[in-house]
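What follows is a single structure, written as structure tokens, with notes after it.
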Ligand SMILES: Cc1cc2nc3c(=O)[nH]c(=O)nc-3n(C[C@H](O)[C@H](O)[C@H](O)COP(=O)(O)OP(=O)(O)OC[C@H]3O[C@@H](n4cnc5c(N)ncnc54)[C@H](O)[C@@H]3O)c2cc1C
């Protein structure tokens, strides 16, 4: 069944998806509600699975209809353009977030937030995920981005990852099947949905782990504009330097386009002052990128993902 028009999408695919248990469907859903920037036009159809089985069935039906769905976690590393997304967005977040422990190993569904996994590990005296305190993404998004901070990254603790592709079948990839680099993984190139992951942790003292989580959070609060809507660091760290330092020395702090501004607290953060459009943010990012290039000859590479239509 190939679907080509918006009417087909609504009538055929929706008809198929509503019959799948454990799926919530929302039509013309503003993605500004699902991104940490609070920015983004509507998705034709937002699909929210609450179980891996529902996710796999939704993926199979969507691909079978000739549509490649856009995958979304907590939307904390994303800029969705103002025109939104024509087609299907599958949001894998706190509705699909089971966490199970077996000794020093955790099996975590992709929608679980790093925050809740961090806390549960700390309570059980399991160490290894403290670096992720304050990263607001899901396990799925964090694996795709190989999220990291303060010397740790997801690749250090991911023992295996289950993914689902176009046929909705789950397959398991072991750590040795994957490669993890700075904010990138081979998982991302596969373009498949992360369903579940196995994390390998170490025994530790709950009070010490909790103290490390608090220290990490305090460092973030001191250096980053954590209370303003943003998508975290805009640019990756260039070889041998820091994007924030280059942006600050180029005079980017405080620059604005519309209601988007370069944070005065940390120059590698763009914040939404309230009512910013994706176009404001993207124009500001391009302007600061050129400013850094003019001043230091470094062409910064974005860390945030930009998706959707103008
Ligand atoms: C205040 C703030 C601080 C931050 N600090 C850090 C930091 O210290 N270190 C860091 O690395 N990042 C940081 N980030 C960025 C962001 O939180 C991470 O990249 C996070 O891992 C993204 O997870 P997410 O669920 O929000 O993914 P999204 O933003 O929703 O998606 C990111 C990418 O992953 C894909 N994706 C999401 N879920 C899945 C899935 N289940 N299967 C397949 N693909 C999927 C999406 O298609 C997209 O390509 C920060 C962001 C903010 C707002």
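Largest mean-square fluctuation among 20, 209, 39, in a Gaussian network model of the chain whose springs join Cα atoms under 10 Å apart, belongs to 20.
The ranking of 16, 214 by Cβ neighbour count inside 10 Å, starting from the fewest, reads 214, 16. For segment 1-139, just say rounded, prolate or oblate: build the C-alpha gyration tensor, square-root its eigenvalues into a ≥ b ≥ c, call rounded for a/c under 1.5, and beyond that prolate if a/b exceeds b/c, oblate if not. It is oblate, given that a/c is not under 1.5 and a/b is not larger than b/c.
Is the shape of the chain best called rounded, prolate or oblate, per the rule: a/c under 1.5 gives rounded, else a/b larger than b/c gives prolate, else oblate, with a ≥ b ≥ c the square roots of the Cα gyration tensor eigenvalues? It is oblate, given that a/c is not under 1.5 and a/b is not larger than b/c.
When 99, 139 are ordered from fewest to most other Cβ atoms inside 10 Å of their Cβ, what list results?
On the way: 99 16, 139 30.
Exposure proxy ranking, most exposed first: 99, 139.
Measuring between their Cα centroids, segment 249-277 and segment 101-174 lie 31 Å from each other.
Neighbour counts of other Cβ atoms within 10 Å put 11, 34, 210 in the fewest-to-most order 11, 210, 34.
Take every DSSP beta bridge whose two residues both sit in the chain, then give the antiparallel share in percent to the nearest 5. Walk me through the numbers before you get to the answer.
Values: 42 of 52 bridges.
Bridges in the chain that DSSP calls antiparallel: roughly 80 percent.
Across 49, 21, 69, mean-square fluctuation computed from a Gaussian network of the chain (C-alpha pairs under 10 Å connected) peaks at 21. For a modelled paramagnetic label at residue 159, 7 Å from Cα along Cα-to-Cβ, the residues of segment 170-210 in reach, with backbone nitrogen under 13 Å, are 174-176, 197-203. For the pair residue 179 and residue 63, label points projected 7 Å from Cα toward Cβ lie 2.4 nm apart. Among DSSP beta bridges lying fully in segment 6-91, give the percent that are antiparallel, nearest 5. Restricted to segment 6-91, the bridges split so that about 50 percent are antiparallel. Note on residue 19 and residue 98: with the Förster distance fixed at 25 Å, the Cβ-Cβ geometry gives a FRET efficiency of about 0.60.
Read the figures in this text as sums done on the coordinates, not as results from a lab. Remember, it's a predicted structure, so these values are computed and weren't measured experimentally. Reconstructed Cβ throughout: ideal geometry from the backbone, glycine too, with neighbour counts over all protein chains shown.
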